[in-house]
Amino acid sequence: MSNTISPVEHAYWVVVPAAGSGKRMGAEKPKQYLSLAGKPLIAHTLENILGWPGLSGIVVAIAADDPEFQTLSAAQDPRVHTVTGGAERADSVLAALEYLSQQAGPETIVLVHDAARPLVSQKDIQSLLSASPIALLAQQASDTIKQSQCDGSKTLVSQTLPRDQIWLAQTPQKSPLQVLQQALKFGLEHNPQAITDEASALELAGHKPELVAACRSNFKITHPADLVLAEALLQHRQTLEQLQSGAEQ
Ligand code: C5P
């Protein structure tokens, strides 16, 4: 008998931290509300998640002064809950987990997913749900990896690193609810600077998350040009899903 988790047999919750200001985009509104193919970016992400088989619900952490969330049609779905986020991403995730712990048991599987990754495929979600209880989607480095050093106004190569052990962490990142809650609390107390994603908190608490290779479409929208790329990919979503269920990886 297989001990893997089937998304249909095992329910899970998704936490979406969306309380950031998205300063790196340099835009006048938070990144999650920038327009992608005529809708706010976060609307695409939530609509995508609402289509995942086995989903129990979504907890979205939004800013206290969020201007738009309740205007989204996805926000009207009874499976979508909101909490007020915190100062940093980890505080926002923790706020969502605190809320979730009132609704679900400590062993409940939680997938934390960036609002700015609208194109994660169902195939990737299935792979993640079938992986170890503590796991994350990630992209293995395909470019040669250089370590840098500053020399006055220039950035120089200090060395080339072996790329076969380098992975770029993405989301969703999966963990049982209580394990993640404890790891984030421990990390925020002992080394908040080191907590840049959920996996880093889990690592700090002594866990070894499994890396699950994601399709290339699961990139995070960070710069304005990423919106153009995402829009093009959305137009070819069907072709993309076919490629992803075939030979892409
Ligand atoms: O800025 P960055 O792209 O790393 O943010 C990742 C995610 O964390 C975004 O969806 C952002 O809205 C969220 N976030 C949050 N609360 C904060 C800061 C960021 O929910 N205080």
Quiz item: Which one of Ser148, Ser127 is modelled with pLDDT of 95 or more, part of a strand (DSSP E or B) and surrounded by 10 or more Cβ atoms within 10 Å (Cβ to Cβ)?
Solution: Ser148
Quiz item: Any idea how many residues of the stretch 90-105 are open to solvent by less than 70 Å² (accessible area, probe 1.4 Å) and either in contact with a Ser or Thr (Cβ under 8 Å, 6 or more places away or on another chain) or more than 15 Å from the ligand (Cβ to nearest atom) (or both)?
Solution: 5
Exercise. Look through the stretch 130-145, keep the residues that are among the hydrophobic types (A, V, I, L, M, F, W, C) and not in a strand (DSSP E or B), and return whichever of them is farthest from Arg237 (Cα to Cα).
Key: Ile134
Quiz prompt | Answer residue from the stretch 26-75, given it is of a type in the set (Gly, Ala, Ser), touching a Pro at 6+ places or on another chain (Cβ under 8 Å) and farther than 27 Å from Ile109 by Cα and is most open to solvent (accessible area, probe 1.4 Å) among those | solution = Gly26
Self-check item: Ala87 within 16 Å of the ligand (Cβ to nearest atom) and either open to solvent by 70 Å² or more (accessible area, probe 1.4 Å) or part of a helix (DSSP H, G or I) (or both)
Solution: yes
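The values are calculated or read from the model by the stated rules, or taken from the named source; none is laboratory data. This one's a predicted model, so the numbers in the text were calculated from it and none came from an experiment. Reconstructed Cβ throughout: ideal geometry from the backbone, glycine too, with neighbour counts over all protein chains shown. These accessible areas exclude ligands, DNA and RNA; they are computed on the full protein's heavy atoms, side chains included. Shrake-Rupley method; radii C 1.70, N 1.55, O 1.52, S 1.80 Å.
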